[in-house]
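Participant: First the structure, then my questions, so here it is.
The values are calculated or read from the model by the stated rules, or taken from the named source; none is laboratory data. Source: prediction; values computed, not measured. In case anyone asks, the SASA skips ligands and DNA or RNA and just uses the protein heavy atoms, side chains included. Shrake-Rupley method; radii C 1.70, N 1.55, O 1.52, S 1.80 Å.
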Amino acid sequence: MYINGRQNPHERLAEMRAALSLGLDIVLIAKQIPSYAAELAIETVIVDLDNFAACLAVAAKLHQKYTFDGIVCWSETDVPLKNFLARELGFAGMSEQAVRHSRDKITMKHRLKHLGPMIPAFHEVSSMADARMAAARIGYPVIVKPASGSGSKGIFKVEDDSALEQALSLLAEIATDKFDSVFTAFGGKIILEEFVEGPEFSVDGYAADNQIRVIGITDYQSDANTFVENRHIFPSHFSNDIQQEITRCAKTIVRELGIDNTVFHLEGKYTRDGFKFIECAARPAGGYISTHLLQHASRQQHLQNYVQICRGIPPSSLRLTQDYIGVRYLFAERPGTLIGVDNVAKVLAHPCIQHLYLHFSPGHSVALPPEDYSAYRLGVLIGTAENYQQLADTLEWAARQIRFTVE
């Protein structure tokens with residue numbers, strides 16, 4: 001049984017094809033089901049995913065009909081429901097406590113603070129007075145963000161009390177289920193934490209069969225102001241020694257959080273003082289990392305391994321490709337209405353560019369952060385190359401060529 005799926009059709013189709021390639025049938029439950037996803041399922045059910053009791057009743061009835069092998073989810077919002085249903089119906093999953101450790105960043109950091117310097121200083125804040133005191137103890141600049149967010153929604157780097165007050169005012173509107181359903185499960189709690197300098201990365205792997213296995217490290221690049229990710233390249237260009245340190249720390253964190261019977265996606269920075277932890281999710285990476293980067297690098301085995309883990313089957317060993325693969329997101333520079341896009345043919349003619357996905361059609365209403373964190377991400381480039389720097393340069397060149405007209 002699949003719960004929901006990524007909103008992007010290219011990611012969602014890759015997710016569904018993972019089970020189909022294993023010879024499995026999919027029963028899909030979701031709040032909304034697009035026609036292309038419904039065509040790949042043997043049955044679909046529209047259900048309120050926030051109502052766990054209703055979902056359990058639906059899932060139990062479907063289980064009697066089909067005898068599921070496991071339950072799979074793909075996005076941050078569905079991690080609590082997926083594991084609740086797994087526990088109730090006797091499938092591989094995580095404990096309720098481990099789910100909270102992976103979804104509530106305040107609980108997550110408290111669970112890990114005994115690990116010392118790898119965990120940046122943090123405080124939960126519920127008022128401006130709390131925030132000022134916490135910032136004074138940690139020292140500006142600091143990061144303030146929702147404790148249960150994803151996709152870089154509502155992350156602010158603040159340099160003084162005035163900017164802190166402005167950020168908290170914006171977060172009072174952002175960290176709500178009205179703004180985004182990712183905030184439904186754990187409310188509008190806010191975390192304030194130490195800002196650390198250094199290149200960003202993510203670590204993806206499997207936690208199953210009493211083992212934590214790291215697939216590899218992806219280099220991140222994000223906007224300095226909004227913290228929205230704009231580029232990922234796999235595998236990382238870090239030295240072997242640094243990658244070994246990152247891998248060792250990531251395994252320790254995943255084990256301490258109790259993440260099990262799933263894939264994990266951990267984010268961090270590498271500073272002059274070494275590894276620094278940001279957060280860890282107990283679900284596949286979004287942003288084309290799982291569905292395109294890791295699928296390509298693993299020769300189409302990564303998502304299949306995730307489905308197998310949800311069935312209680314240990315993941316297969318991976319034989320990674322030797323080339324580099326990366327994504328570069330394409331953003332609008334101003335709000336307004338999307339009119340069109342230029343230079344598509346020019347970019348697609350480059351031999352390193354494999355795909356150019358446009359997320360919206362002309363007429364789309366463009367809004368910028370903090371008003372909206374997805375409406376201005378208009379597309380994505382995906383490329384491959386034998387050389388890391390060649391790929392990075394090509395992706396940046398291609399992003400400069402694509403010109404959106406927004407009026």
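Participant: Does segment 375-393 hold any residues that are among the hydroxyl-bearing types (Ser, Thr, Tyr) and assigned to a strand (DSSP E or B), and which are they?
Facilitator: Within segment 375-393, just Thr384 meets the criteria.
Participant: Scan segment 240-272 for residues that are in a loop (DSSP other than H, G, I, E, B) and among the charged types (D, E, K, R) and report the count.
Facilitator: Going through segment 240-272 one residue at a time, the tally reaches 2.
Participant: For segment 197-224, name all the residues that are under 17 Å from Phe275 (Cα atoms), open to solvent by 20 Å² or more (accessible area, probe 1.4 Å) and more than 15 Å from the chain's Cα centre (by Cα). Steps first, answer last, please.
Facilitator: Going through segment 197-224, the residues under 17 Å from Phe275 (Cα atoms) turn out to be 197-204, 214, 216-221.
Filter again for open to solvent by 20 Å² or more (accessible area, probe 1.4 Å), leaving 197-200, 214, 220-221.
Hits for segment 197-224 are Glu197, Gly198, Pro199, Val214.
Participant: While we're looking at this one, here's another question. Could you check, for segment 307-326, whether at least one of its residues is among the charged types (D, E, K, R) and part of a strand (DSSP E or B)?
Facilitator: Pass one, segment 307-326, residues among the charged types (D, E, K, R): 311, 319, 323.
Cutting the leftovers down to part of a strand (DSSP E or B) gives us none.
Checked segment 307-326: no residue is among the charged types (D, E, K, R) and part of a strand (DSSP E or B).
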